[in-house]
Amino acid sequence: MRPMRSPSLSQALALLAFLPTGLRAEDITGEARDRAERSFTPRNFINLRVGGSTANGNGRPELCMELSPVAFLSLEGCGTGSGFLHGDPEPEVAHFRAKLRLTSFDVARWGTLQPFIAGGFAESQVGRDDPGFQFKGTDRRRVATTGPEGGFGLRYLRPLASGFELVGDLNFSLAWLPHAPQLIKPGDTWLPSASLSFGVGF
């Protein structure tokens, strides 16, 4: 019977070197997977939110609907629903704007923050207004007028179940309403506003 040869020194070193390398590779792969999961930014196509705005004086919540045809650009309408959800004659401002996302970054495991700039127009009304927007003056009863608006803000996204996301939006805007002093309840030409809303999207 031929005696069993013990492994050489070079074979033993190769075996020892191979095992830690394999383990390290598995660790690195796991870490990469964790980083990829943490850095995943949800793609939100549409969301509905509810919140409040400093521009509204009717005590009703502000409702917002946002559509994103492409990842970095969205279209949004916000207001209290005057004219179709209620007929309160108290002052309110509706916003219609495009939002351009500047960047996107993850905050640990809390979610994703997306700063943006916005531009569009705002309609100020102090009563039940007529259909349409009045850019060149007021409506016939002098209860509504419209002007350009710009602003900036921050969007918050956090994945929920089944492709849905929690959406938060903090927005600061400044509207120029040159005909606001002509309303039956005169307003300021420059109208700053801040709003905060939360909702769900997918």
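The values are calculated or read from the model by the stated rules, or taken from the named source; none is laboratory data. The model shown is predicted, which means the values in this text are computed figures rather than measured ones. Neighbour counts are summed over all protein chains in view; Cβ atoms, including those assigned to glycine, are modelled from backbone coordinates with ideal geometry. Surface accessibility is based on the protein's heavy atoms, side chains included, excluding ligands, DNA and RNA. Shrake-Rupley method; radii C 1.70, N 1.55, O 1.52, S 1.80 Å.
Restricting attention to segment 143-173, the residues being modelled with pLDDT under 95 and touching a helix residue (DSSP H, G or I) at 6+ places or on another chain (Cβ under 6 Å) number 0. Applying the criterion of being in a strand (DSSP E or B) and among the polar types (S, T, N, Q) to the residues of segment 50-79, the residue that is farthest from residue 195 (Cα to Cα) is 68.
Selection over segment 181-202 of residues that are touching a residue at least 40 places away in the same chain (Cβ under 8 Å) and among the charged types (D, E, K, R) gives a count of 1. Across segment 72-82, the qualifying residues are those that are over 13 Å from residue 55 (Cβ atoms) and in contact with a Lys or Arg (Cβ under 6 Å, 6 or more places away or on another chain), and the one among them that is surrounded by the most Cβ atoms within 10 Å (Cβ to Cβ) is 74. At least 1 residues being closer than 16 Å to residue 57 by Cα and either open to solvent by 70 Å² or more (accessible area, probe 1.4 Å) or among the acidic types (Asp, Glu) (or both) is the threshold, and among the strands (runs of 3 or more DSSP E) wholly inside segment 83-202 those reaching it are 92-101, 111-125, 190-201. Considering only residues that are at pLDDT 60 or above and among the aliphatic types (A, V, I, L, M), look in segment 14-70 and name the one that is least open to solvent (accessible area, probe 1.4 Å). Here the residue is 55.
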